[in-house]
Every structure is written in structure tokens, then in C-alpha cells.
Amino acid sequence: MIPKSKTGRILLGASIAVVLLILLMLRPASLMVDASRSSYGPLEVILEEEGVTRVTDRFFLSAPVSGVVLRSTLAEGDSVRVGTGVAMILPPGQNSREYREAALLAGSASASVQEAQAHERLLGVRLAQARLKSARYEKLYQEGAVSQESRELAAEEHSVLEKELLAASAALRSVRLQASAAEARIDKGLVGSPVHVLSPVEGRVLRLLEKNEKVVLAGTPLVEIGNPRLLEVVIDVLSTDAVRVR
């Protein structure tokens, strides 16, 4: 029922205005959004971490013999091919102290071989005699000409000499190996002849471990070679992230 008086109409209008104002205040505020058309495509996930790169395959070339390594003509970063000379070593000459010491050791080892051979031959002769004696005493014992004790002593002597001959043969093999090793140290084919260290792969010189001329022993690292185009990346990540890295 609409009031007929003027005052009633004013109150009604004010009430409606208050209700509308309250409704406007309670309405949630609008939010700005970005809209775009959805489509199918690859999803890229980027993982950023600090790390280092290093050559996958590295080769350390060492001195094959003891001697004087000459000053290197290469520089770090130089390219090398298979068979390129990366170092040159001059073995000790016949008048050097190292050569004389090696020759004396080889002579001593050769004398040890001769001594071991003579000892083995002597035991072989004694063993043959003990074998005949043991067989003779066994026959005499069967005939009742010798006692059981004499027969057992002859058999024991034969057994002991067999073991001694086996030990002498093993000792002879050992001293022969020692003599071969001593002879290898004075390889006359290397005396005075330079030994070239060649690159086994194609790549670049990563490091020169011995740049200047100096005396080195066999096995001393000289050059590090690798292919910089074959790199691997090393980074530290969490286990949950590492499983997602291909």
C-alpha cells in the first residue's frame, strides 16, 4: 500500500535508497583478469643453477721412460691430431750414473741366475742318486739285507731332495724375471735416441704439466689432451629437481 501523504512517500523513498546502498556495499568487488584462447603445445620448465662445464674424455700422457724432457713447443689450446708429437724425452746416455747403476744391477741379476742354475743342476744330480739309492734299499729290504730304518731313511732323503729341487726351480724362475726387468732398464736401443710422446686422439691441449726442460721419471704426467666440443655440465640440484633433468 503506497502512503498517500507526502511525508510517507519521502520515508518510503529514503528506505529504498538505504536498502540499495547497503546492497551496493555488500556486493563483491570485481577483479581484473587476463583472458586468452587455450591451445595445445609443449610445456617448458626452466631450472636455473650455477655449475661448471668440463671435457668428457681427458687423456693424460706420461713419460714412457726416465730422462730429460725437452721444452715443449705447444701451448695450451693448440690443436693436435692422432700421432702428433706432444713431448720429446732424451733417455740417459751410457756414461750417465743412471745407466751405470742399471748395468750393475743387470750384471748382478745375471750372476744370480747362473748361481741358481748351478744349484738346480746340483740338486738334480743328488736327486737322481737318492732315487737310485731308495730303489736299491727297497729291494734289499725285501731280501732282508737291510733294516726297515735304513729303507725309510733312504726314502725320506729322496722325498726331501724332490721338494728342494722344486723350490730351486721356483727360485730360478724368480731370478730370471728379475734379470729381465734389470735388462729392460738398460734397453740399449733407447740409449741416446729421443723418445717421442704421441697424441692418441684428436683434440686440444688442455694443460701442459711440464712446460720447461727438466729431468723426469718414467710415469710422470706431461700433457693433458681432450676435445672441448664434447662437454658435460656439472650442477648441484635437489633430488626432486634432478629427476626431471634429462
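The values are calculated or read from the model by the stated rules, or taken from the named source; none is laboratory data. All of these numbers come straight from a predicted model, not from anything done at the bench. So basically every Cβ, Gly included, is an ideal-geometry build from the backbone, and we count neighbours across all protein chains shown. All accessible areas refer to the heavy atoms of the entire protein, side chains included, with ligands and DNA or RNA removed. Shrake-Rupley method; radii C 1.70, N 1.55, O 1.52, S 1.80 Å.
Okay, residues lined up against (1) more than 30 Å from P92 (Cα to Cα); (2) among the charged types (D, E, K, R):
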position	(1), (2)
A111	no, no
A118	yes, no
A128	yes, no
V146	yes, no
K163	yes, yes
A181	no, no
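Checked against the criterion of being β-branched (V, I, T) and more than 30 Å from V86 (Cα to Cα), the stretch 178-190 has no qualifying residue. Using the structure shown, decide if T53 is modelled with pLDDT under 90 and within 24 Å of the chain's Cα centre (by Cα). Criteria met by T53. Listed conditions (1) open to solvent by 100 Å² or more (accessible area, probe 1.4 Å); (2) not in a strand (DSSP E or B) are all met by R54, apart from (2).
Can you spot a residue in the stretch 237-245 that is touching a residue at least 24 places away in the same chain (Cβ under 8 Å), under 30 Å from T56 (Cα atoms) and open to solvent by 90 Å² or more (accessible area, probe 1.4 Å)? Yes, the conditions are met somewhere in the stretch 237-245. Considering V175, V233, V215, V191, the condition of being at pLDDT below 90, open to solvent by 60 Å² or more (accessible area, probe 1.4 Å) and either out of contact with any strand residue (DSSP E or B) (no Cβ under 6 Å at 6 or more places or on another chain) or within 30 Å of R54 (Cα to Cα) (or both) is satisfied by V233 alone. Under the condition of being in a loop (DSSP other than H, G, I, E, B) and within 13 Å of G85 (Cα to Cα), the residues counted in the stretch 57-72 number 4.
Does any residue of the stretch 88-97 turn out to be loosely packed, with under 12 Cβ neighbours inside 10 Å, under 35 Å from the mean Cα position of the chain (by Cα) and in a helix (DSSP H, G or I)? Looking for residues that are loosely packed, with under 12 Cβ neighbours inside 10 Å, under 35 Å from the mean Cα position of the chain (by Cα) and in a helix (DSSP H, G or I), one finds at least one in the stretch 88-97, hence yes. For residues that are in contact (Cβ under 8 Å) with a residue 12 or more places away in the chain and of a type in the set (S, T, N, Q), scanning just the stretch 100-154, find the one that is least open to solvent (accessible area, probe 1.4 Å). Taking the candidates together, the pick is S134.
Listed here are the residues, each with its yes/no results for (1) over 30 Å from R244 (Cβ atoms); (2) within 34 Å of the chain's Cα centre (by Cα); (3) touching a residue at least 60 places away in the same chain (Cβ under 8 Å); (4) open to solvent by less than 100 Å² (accessible area, probe 1.4 Å).
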{"site": "L31", "(1), (2), (3), (4)": "yes, no, no, no"}
{"site": "G41", "(1), (2), (3), (4)": "no, no, no, yes"}
{"site": "V80", "(1), (2), (3), (4)": "yes, yes, yes, yes"}
{"site": "G83", "(1), (2), (3), (4)": "yes, yes, yes, yes"}
{"site": "V86", "(1), (2), (3), (4)": "yes, yes, yes, yes"}
